[in-house]
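Below is one structure, written out as structure tokens; the observations come after it.
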Amino acid sequence: MIQLVPRSTASTFWQIATPVMAVLATMIAGGILFAIMGHDPVAAIRTIFWDPLFGPAASYSRPQLLVKAAPLILIASGLAIGFRAGIWNIGAEGQYIIGGITGAAVALAAYPFEGMWIFPAMVIAGAAGGWAWGMIPALLRNWFGASEILVSLMLVYVAQRVAAWMAFGPMKNPEGYGFPGSRNLQQYPAASNPELIEGTGAHWGVVAAAVAVLVTWVLVSRHIRGFHIRAAGSAPRAARFAGVSPATLVAFSLGLSGALAGMAGLFEVSGPAGQITDNLGTGYGFTAIIVAFLGRLHPVGILLAGLLLALTYIGGELAQLTMQLPAATVQVFQGMLLFFLLGFDVLTRFRIQRRGK
Amino acid sequence: MIDPLSIFLLLLSASTPILFAALGELVAERAGILNLGVEGMMIAGALAGFAAAYATGNPFLGFLVAALAGAAISLLYTVLTQLFLANQVASGLALTLFGLGLAAMFGKPFEGVKAPPMPIGPLGINWIVWLGLAMVPAIWWFMNRTRRGLILRAVGENHDAAHALGYDVRATRAAAIAFGGAMAGVGGAFISIATVLQWTEGMTAGAGWIALAIVVFSNWTAFGVLAGAWLFGGVTVLQLRLQAAGVNVPVQLLSMAPYLATIIVLVMISARQKYSRKAGGAAPGSLGNNFHALR
């Protein structure tokens, strides 16, 4: 019989090794799944993980990597802060949608004026919208003890309906011949978020994601608030005696992750998506949860994990085109990845020992 | 004119998916398991049940398969949390994301086909609605009047004490998770087989999450779950009635009602539990914590 013996501190080696093992296991299990569905497993895995970077159409798909990774990294950086302290914001998808709407609202109100101030104002409005949407579960938890998990998640469904209402009602393009959806911000230079360097895919969201990684790294490793967050996560009682206020942490981490998600939504609406539509949310907010875990809640890990999951999005689209794999393949892969990661994680926290020694 | 009886029948039907899922989660939570994978297990049941009902032409067989599918997918959660001692919140989220993806992937061939008709039960009410109503006293009786129910609650209140008394914490929890999965599966299948009558991607639309909120609302009692499910069903029916009556409010705003009502109810109940004398409300003592036996 084997037995699990808890480690006094998490193993650094396994902390780095388990995400790698999880990715490999996902490829194997995914291959088996493809074989069952009657596809060539090797070709499918290569299409998803290799071809977007080095395949024949790589010059088109490579810039997409940064476009998809930026929102994931931006959102996950914020989520990881709360997750470290045991505060579960799983409604980032809603904060993303609301940020996109409030940011776009500034642009639509300013139309057709031109001005250097418009885009920065949109970014601030997007962050503020996401912050406000994230503060709802924070305040309801602090004042009434309501679960932030359930409230933040319920608000995703509310936000989706707000987006639909906006697209069909208040924000509908008056020159859109009756079609739902707002004006296209890509055609409004002062409000658009274009590619900054040709061929890289990098827009302002990529810059923001890079800044978010740096800032959260400094916050977690160098700032007293980061210390409080880590303390609250690993020893809540001790943290409280040390003067860490749980309510402040809840408001801080839900507000911060909401603001970052809101910014991600704004960069998407003003850039790749271009307009407010009823399907504004595309699941980045949920995938970012996987990014945060796969990146071990560490800024550098999140950077790498965000790039990897962006790759699965692009590879999934490619596999859909070339191999007729269903669109949901990516979602299944992402779910499997999280399963394997959580499973292998037992190795970081426990030693495996033979019983009877 | 709106006939109160027909409204009540609609309410019963609208509340049944949530009732099943929430009763299953209630049993799991009383065993100390916080499974956030309800939505994933429901969608798995919705698809598997629909596929079986469509293939065999027998809706009841569909519900049976849905229960098995829900229990089967919940095994992943059991392995993660009971064997590998993974965090329950993260594992539940993983189950939901995986279930939604898996159902979307395998559901494609079933889009656009119709479910076989459900035979009508006594008083013109669907048999599965009756089953759901019968489950409420059955679960109450099991938890409060049987030895196994007592053990289940002991495991949920204090797993160390239950272990010291010689009860198998892991086996009890594994059974509770599987039961929760089967119930969520049936609840999901009710949406696809008996309400919408077809399969569409993501058709559970947050019902699993609402079920989780209703367990909190119920104060962890079976009859409380029934009250919560009816409250939710009432809001849903009212919202649909207002849409049909053509009130001057955008449809998108009306359809927010069930989610907003869930938040409001959750806040009210949480506040009562927070400010009542009994610290922590009625939540099981070991809820959400994994058990690791050193001896």
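The values are calculated or read from the model by the stated rules, or taken from the named source; none is laboratory data. Computed from a prediction, not measured in an experiment: that's the story for all the values here. A quick note on method: Cβ atoms are made from the backbone with ideal geometry, for glycine too, and the neighbour counts reach across all protein chains shown.
Points to keep in mind about this one:
Here is a yes/no grid of residues against (1) more than 8 Å from chain B (Cβ to nearest Cβ); (2) out of contact with any helix residue (DSSP H, G or I) (no Cβ under 7 Å at 6 or more places or on another chain); (3) in a helix (DSSP H, G or I); (4) surrounded by fewer than 23 Cβ atoms within 10 Å (Cβ to Cβ):
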| site | (1), (2), (3), (4) |
| --- | --- |
| A:Ala288 | yes, no, yes, no |
| A:Ala310 | yes, no, yes, no |
| A:Leu318 | yes, no, yes, yes |
| A:Gly343 | no, no, yes, yes |
| A:Leu347 | yes, no, yes, yes |
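Here's the yes/no breakdown for (1) within 15 Å of B:Ala46 (Cβ to Cβ); (2) exposed (fewer than 15 other Cβ atoms within 10 Å of the Cβ); (3) away from chain A (no Cβ under 14 Å); (4) touching an Asp or Glu at 6+ places or on another chain (Cβ under 8 Å):
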position: B:Ser74; (1), (2), (3), (4): yes, no, no, no
position: B:Thr81; (1), (2), (3), (4): no, no, no, no
position: B:Leu97; (1), (2), (3), (4): no, no, no, no
position: B:Gly101; (1), (2), (3), (4): yes, no, no, no
position: B:Met105; (1), (2), (3), (4): yes, no, no, no
position: B:Gly121; (1), (2), (3), (4): no, yes, yes, no
position: B:Trp127; (1), (2), (3), (4): no, no, yes, no
position: B:Leu131; (1), (2), (3), (4): no, no, yes, no
position: B:Met135; (1), (2), (3), (4): no, no, yes, no
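- Unique residue being in the same structural domain as A:His228 (by TED's automatic domain parsing) and surrounded by fewer than 24 Cβ atoms within 10 Å (Cβ to Cβ) when the list is A:Ala105, A:Ala146, A:Ala138: A:Ala105
- On the stretch given as region B:165-208, residues that are within 14 Å of another protein chain (Cβ to nearest Cβ), over 24 Å from A:Ser147 (Cα atoms) and outside any loop (DSSP other than H, G, I, E, B) total 2.
- Unique match (being more than 29 Å from A:Ile2 (Cα to Cα) and assigned to a helix (DSSP H, G or I)) among B:Ala66, B:Ala90, B:Ala72, B:Ala115: B:Ala66
- Within region B:209-225, tally of residues that are within 10 Å of chain A (Cβ to nearest Cβ) and in contact with a Pro (Cβ under 9 Å, 6 or more places away or on another chain): 1
- Each residue in region B:57-105 was checked for being within 30 Å of B:Ile120 (Cα to Cα) and without any contact (Cβ under 8 Å) to a residue 12 or more places away in the chain, and 1 pass.
- Residue in region A:111-121 that is more than 14 Å from chain B (Cβ to nearest Cβ), part of a helix (DSSP H, G or I) and free of Cβ contacts under 8 Å to residues at least 60 places away in the same chain present: yes
Condition check ((1) outside the structural domain of A:Glu195 (by TED's automatic domain parsing); (2) surrounded by fewer than 20 Cβ atoms within 10 Å (Cβ to Cβ); (3) not polar (S, T, N, Q)) across all residues:
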site	(1), (2), (3)
A:Glu268	no, no, yes
A:Pro272	no, yes, yes
A:Ala292	no, no, yes
A:Leu304	no, yes, yes
A:Phe333	yes, no, yes
A:Met336	yes, no, yes
A:Phe339	yes, no, yes
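- Filtered by the rule that a residue be more than 7 Å from chain B (Cβ to nearest Cβ) and not in a helix (DSSP H, G or I), region A:321-339 gives A:Gln324, A:Leu325, A:Ala327.
- The condition of being in a loop (DSSP other than H, G, I, E, B) and of a type outside the set (A, V, I, L, M, F, W, C) holds for only one of A:Pro56, A:Pro52, that being A:Pro56.
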